[in-house]
1. Mind checking the angle between helix 74-88 and the chain's longest principal axis? C-alpha axes, 0 to 90 degrees, to the nearest 10.
2. Under a Cβ-only charge scheme (Lys and Arg +1, Asp and Glu -1), can you give me the dipole magnitude of region 97-151 about the Cα centre, in debye to the nearest 20?
3. Hey, if you put +1 on the Cβ of every Lys and Arg and -1 on every Asp and Glu Cβ in region 1-87, which of PHE68, ALA79, ALA15 ends up farthest toward the positive end of that dipole?
4. Name the lysines eligible as straight-distance cross-link partners of LYS145: C-alpha to C-alpha under 26 Å, and not fewer than 8 places from it in the same chain.
5. Treating only the Cβ atoms of Lys and Arg (+1) and Asp and Glu (-1) as charged, compute the dipole magnitude of region 4-88 about its Cα centre; round to the nearest 20 debye.
6. Sorting LEU100, LEU91 on the 10 Å Cβ count, fewest up front, what's the list?
7. For ARG28 and ASP97, FRET efficiency with R0 = 25 Å and r from the beta-carbon atoms, rounded to 0.05?
8. In what order do TYR29, TYR90 fall by count of nearby beta-carbon atoms within 10 Å, going from fewest to most?
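Values quoted throughout were computed directly from the atomic coordinates according to the rules given, and no laboratory measurement underlies them. None of the values given here were measured: they were computed from a predicted structure. Every residue, glycine among them, receives a Cβ derived from its backbone with ideal geometry; neighbour counts consider all protein chains shown.
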Amino acid sequence: MTSIAERLVSDLGNAMRSKDAQRRDVLRYLRSEVKNAEIDKGRQLTDDEVLQVIQRQIKQRRESAEQFEKGNRQDLVDAEHAQIAILEEYLPPQLDDAELERIAEDLASQLGLSGARDMGKLMGPLREQVGSQAEGRAISDAARKVLEQRANGEVAS
């Protein structure tokens with residue numbers, strides 16, 4: 001099985017050969033970000049670390065798209081979304097909101113947590129269990145919703 005970093009190099013070559021400029025540019029930039037992270041760490045990145053780099057890139061592009069939307073620049077919003085779609089191809093299948101909330105509920109129940117004050121206690125284990133199957137924003141939204149429900153006595157069974 002090839003690593004994600006190897007797949008990036010291969011896909012970059014394919015994009016260059018097929019003259020797919022957008023895919024080439026996205027993968028080239030992602031590859032340079034992975035390389036910079038490797039230089040910072042002084043070693044090759046694991047697949048999980050490469051996934052973290054990809055998730056950071058997706059987050060940056062989502063934030064850019066939001067700003068472009070506020071500026072009524074639909075052309076740039078569409079470009080950012082197209083880049084996100086390319087990057088998402090490298091992520092494992094993402095959990096839907098219901099599944100994420102179920103996992104958060106199970107963890108909150110195991111840890112005896114309820115209420116907003118326990119957010120920090122839930123986020124670490126939840127992020128660890130979910131890994132790269134959900135973005136940080138989705139994880140925190142699920143944790144917040146579950147903790148609010150538990151604080152209000154709406155514990156799901």
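1. Taking Cα atoms only, the helix is inclined about 80 degrees.
2. On the way: 8 positive and 10 negative charges, 47 e Å.
About 220 debye.
3. Of PHE68, ALA79, ALA15, it is ALA15.
4. Partners found: LYS59, LYS121.
5. 260
6. LEU91, LEU100
7. 0.15
8. Working: TYR29 13, TYR90 21.
The most exposed by this proxy come first: TYR29, TYR90.
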